[in-house]
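Okay, structure first, notes after.
The values are calculated or read from the model by the stated rules, or taken from the named source; none is laboratory data. Bear in mind the structure is a predicted one, so any value in this text is a computation, not a measurement. Note that each Cβ is placed from the backbone with ideal geometry, even for glycine, and that neighbours are counted across all protein chains shown. Each accessible area value is taken on the protein alone, full model and side chains, heavy atoms only, with ligands, DNA and RNA left out. Shrake-Rupley method; radii C 1.70, N 1.55, O 1.52, S 1.80 Å.
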Amino acid sequence: MHRKIIGASTIALFMAGATNVAVAQQAAPPPPTTAQSAKTSGEIEEITVTATKRSEDIKEVPLSISAVSGADLKADHVTDMTDLTRAIPDISFSGASGNGAGAGLNNIEIRGVSSQAGPSTVGIYLDDVSLTTLNLSTQGDPEPKFFDIDRIEVLRGPQGTIYGASSMGGTIKFVSNQPDLSTFGGTVSSELGGNAAGGILWTETGVLNIPIIDDVLAARVGLQIGEKPGYIDLVSPVTGETIKTNINGEDDTVFKLAVKWRATDALTISPAMFYQRTRSDDDDVQYLDLPPAPLGPANSTGSNIALPPNEVAKLVQEPGVDRLWVPSLTMNDDLGFGDVTSVTSYYWRNFRRIQDGTLSDNLGLNGIIPTSGCAPAPPNGASCQALYNAVSDLPTTVYYNNSVRQISQELRVASKPYDPAAFLPITWVAGLYYSDEITEFTDNEPTAGLNQTFAAYGYNPAEVASLVGWSAPPGFPPFPNNVTYLSYRHYDTTQYAAFGQADYYILPTLRATAGLRYLLGEEDFNRIGGAFWAGGPSTFAATSKSYASTPKFALDWDITPDDTAYINIAKGFRLGSENRPVALDSCIINGTIGGVASPTCAGNLKSLGLSAVPESYAPDSLWNYEIGDKARLFGNRLSVDTALFYIDWDHIQQDVPLPEAWDFFTNTGSAESYGVEWDVKGKPIPELTLGASGSFTHSTITTSTFITGIGPGSPVEGVPMWNGKLSANYTTSISNNIDVFASSDWDFTGHSHGTFLPSTPDFERPSYSIVNASIGAFLGPVELSLYAKNLLNEDKIIQQPVVQVTTEGYRPYPRIVGVNVSYDF
């Protein structure tokens, strides 16, 4: 409730300030917004983008790119990454490996370039600050909220020349609204709605632009707070009775501050700060079945008692808090012959979360403590079955603490725009980049009451060690403070890069582009392990280096002033890293237990042709070949953008599973991806805008890998073969200051494979579609709207990730119906 009071007070404060200023200045009502004017004009709105680190009309950029304005994000109620993947061609998401799905847990994929191992395959930028870091298995990509955004640019295909490592499949760039040096104004908005599960959602937003010194100094400040209700219920693992409803709620706080100082006519200095806190009460996944006995009902196996939709049966709830903080300083100076830009930034992300490890840790122990013939048998005279049951019913809480700290500096110089009268018909950009990133990860897994349970059955510490086969040095018990697994990892990654790109105008209508980036990466890795599942106390340290050069070549031709064709060839790459050590035993090494081959040891090192776990894995890279066309027809009342592409991906970083829940990363196999993308918009009449966009992508493995069952023809995981969007927006004026609108869109995501192997639950992901709609009116500076997301309440299971040995189900968020009111001043 206190958040709602704060939100209402914030809105009231903004509105009071706006009213006072308006009265004092006796200002006329503000003109229609850009989005409002564009929707009632006769032409398709063109967007200026900075994809090549210079401002250009999107039509002139020789690559496949989509740009969605902040006004359209608001109008279509696109509020997060999952919405964005359904709204833009050839972009998809998967729950991060081993984590299910939810806030901060998704991996983003573009053009079929998808990998659950190694760093992300998609670069994510907040303005000019890279948020792309090492992809740990316990978190997904960072997801800045779509708040006070001028536009989002999605660049498809590798962007390694301009944007560097990890921009293999593409780059997503969030471009913020900047302070206006001469106009006081802002926006306040309030939203209230509910989901189909009966939960209430609300969001309060305020943005204020203040010219401090007219045309010299201005500040822009914004605050957004809100709550999103859950829709999944917690039930008893034994009876299936409801314990708590709607446990996966979420609340968010976003604060932004930007200052712009025109120090001289040539020099602009712009400090900025972005802060975001997302707290989730649980993950957005359900359980498919009740757990096996003895944790579940008597005689259950874990797959024979199905749960109704949107229920989970577990002992430990799984909340998380994901915080982002991004301060930066950008300076632009006009040197006459070109513009120099310096971007200094600090990026901090801390994601603390909890998982329920009861099934994986406790039943794993029970595999070592058999129900018959355990040795030594319980000294108190109880049966091994009783001990088994007692250990199974203990809750294991997995505490994850993921932390990233990155300092970066980019310095670049860009020439002035092309001038046909210039002596040399060349434009160019060149720069240097440096970053130092520290990633820390702690995995602490205590089982409450474990040692006390062993003591209650009469075991002393030495007998507990004998029971579980513990052979660590004296003084190191298997379960210190009831901890079954402890791991701390520290990565220190430094990057140095130089890059440049030049455009040569062979003719005023024909341009050739060539670019190159050269990068050196250095990484130090340290790991400390302890407790039973870590194989005892251990330390490990390793150092690696990565080198990469990523060229780019393009040719674009203005066939007519309204039609541009292009060819683009570019290379992308990811940095390599080190593997954590694996606690080796005979099962992992050669597939035997007690000298006897065991089917539970499938995928052991010997079967993979290895005698040891590789210490590190190298960078992987790909080449993208693309041809496209961008046409503006019938006086810019119809826009048609199309692209064909082929990607050749070598030495893919893959996660190779081993017995006993261990794994390692290595470079193995290759893949190809090819397809077509289209984005069509038309205005048959000035009031009506129609859209049809989509993609076809075919992405498969082309050479054999270490992983059993994965070879030529295996599908690359997480890549829908088809996706598409149909949209319509009608806006018309009914008086001088009243416009009404209605809009709807149908977003289709096609069939895909969540894993490589047909035997796994997530192999088959079904196609699904989401329908959204809204109606409303612009009443001068006020906008009122009634909207519905997932109007038809699509609720099929679309992903089935395996988390802590439990197969879980992810469904689209249930239908939301809400109202929004906003006021521009």
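Structure values in brief
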| item | result |
| --- | --- |
| Proximal lysines to K545, defined as alpha-carbon separation beneath 20 angstrom and excluding residues fewer than eight positions away on the same chain | K571 |
| Dipole moment magnitude, nearest 20 debye, region 209-265 about Cα centre, only Lys, Arg, Asp, Glu C-beta charged | 180 |
| All lysines inside 28 Å of K256 as judged from Cα atoms, apart from same-chain residues fewer than 8 positions distant | K4, K53, K74, K145, K173, K228, K789 |
| For Q799, distant residues with modelled amide H under 5 Å away | Y810 |
| Whole-percent carbon and sulfur share, accessible surface of the chain, 1.4 Å | 61 |
| Two-site FRET efficiency, A448 against S342, from Cβ-Cβ distance with R₀ of 60 Å, rounded to 0.05 | 0.70 |
| Compactness index (Cα Rg / 2.2 N^0.38 Å), region 37-96 | 1.30 |
| Percentage relative contact order, the chain, counting C-alpha pairs under 8 Å, at least six apart | 12 |
| Mean accessible surface per residue for region 430-500, computed with a 1.4 Å probe while every protein chain stays in place, in Å² | 42 |
| Given charges at Cβ of Lys, Arg, Asp, Glu: region 236-318 dipole, positive-most of N310, L267, T253 | L267 |
| Theoretical gain in end-to-end length, D436 to A462 [0.36 nm per residue, Cα-Cα removed] | 4.7 nm |
| Whole-Å distance, taken between Cα centres, linking region 679-754 and region 363-410 | 44 |
| Where labels lie 7 Å past Cα in the beta-carbon direction, separation of T560 and A306 in nm | 5.7 |
| Value of relative contact order over region 202-255, rounded to a whole percent, pairs C-alpha under 8 Å and six or more apart | 32 |
| Alpha-carbon spread of region 776-825, three principal axes, descending order, Å | 55, 24, 10 |
| Per residue value of the accessible surface for region 735-776 (all protein chains in place, 1.4 Å probe), Å² | 43 |
| Rounded to whole Hz, the Karplus (6.51, -1.76, 1.60) HN-Hα couplings of region 758-763, x for glycine and proline | x, 6, 8, x, 8, 4 |
| For region 58-139, accessible area per residue (1.4 Å probe, heavy atoms of protein chains only), Å² | 16 |
| G102 long-range amide H proximity, modeled H, under 5 Å | D284 |
| In range of the label at A298: residues from region 366-391 whose backbone nitrogen is under 15 Å from the point 7 Å along Cα→Cβ | 386, 389 |
| By accessible area with a 1.4 Å probe, ligands and nucleic acids excluded, highest first: order of S190, S471 | S471, S190 |
| For region 153-173 and region 55-107, distance of Cα centres in Å | 13 |
| For C374, solvent-accessible area (1.4 Å; no DNA, RNA or ligand), Å² | 10 |
| Paramagnetic reach from R405 (point 7 Å along Cα→Cβ, amide N under 20 Å) across region 502-529 | 522-528 |
| Order of exposure, largest accessible area first, which applies to V61, V771 with probe 1.4 Å | V771, V61 |
| Part-to-part distance (alpha-carbon centres) for region 767-813 and region 519-558, which is given in Å | 37 |
| Label zone at Y730 (point 7 Å along Cα-to-Cβ), backbone N below 18 Å, region 773-803 | 773-778, 785-788 |
| Calculated FRET value between N380 and L610, using beta carbons and R₀ = 51 Å, to 0.05 | 0.70 |
| Calculated from backbone phi, Karplus (6.51, -1.76, 1.60) coupling profile of region 246-254 in Hz, x at Gly/Pro | 6, 7, 9, x, 9, 10, 10, 9, 10 |
| Helical segments meeting 30 Å axial Cα length and Kyte-Doolittle -0.5 threshold in the chain (DSSP H) | 2-25 |
| Cα-based Rg / Dmax (Å) for region 163-311 | 24.2, 79 |
| Using θ = phi - 60° and Karplus 6.51 cos²θ - 1.76 cosθ + 1.60, couplings along region 712-720 (whole Hz; Gly, Pro as x) | x, x, 5, x, 6, 5, x, 10, x |
| Pairwise FRET efficiency - Y646 versus T264, Cβ, R0 = 60 Å, nearest 0.05 | 0.80 |
| Distance between modelled label sites at F553 and S586, nm, 7 Å Cα→Cβ extension | 5.8 |
| Theoretical gain in end-to-end length, S767 to A602 [0.36 nm per residue, Cα-Cα removed] | 56.2 nm |
| Top positive-direction residue, dipole computed over region 558-610 with Cβ charges, set S577, G609, Y566 | G609 |
| Cα gyration tensor of the chain - equivalent ellipsoid semi-axes, whole Å, descending | 48, 32, 25 |
| Interchain or long-range residues, amide H under 5 Å from T121's placed H | S115 |
| Length gained when the stretch W722-S471 is fully extended (0.36 nm per residue, less Cα-Cα span) | 85.0 nm |
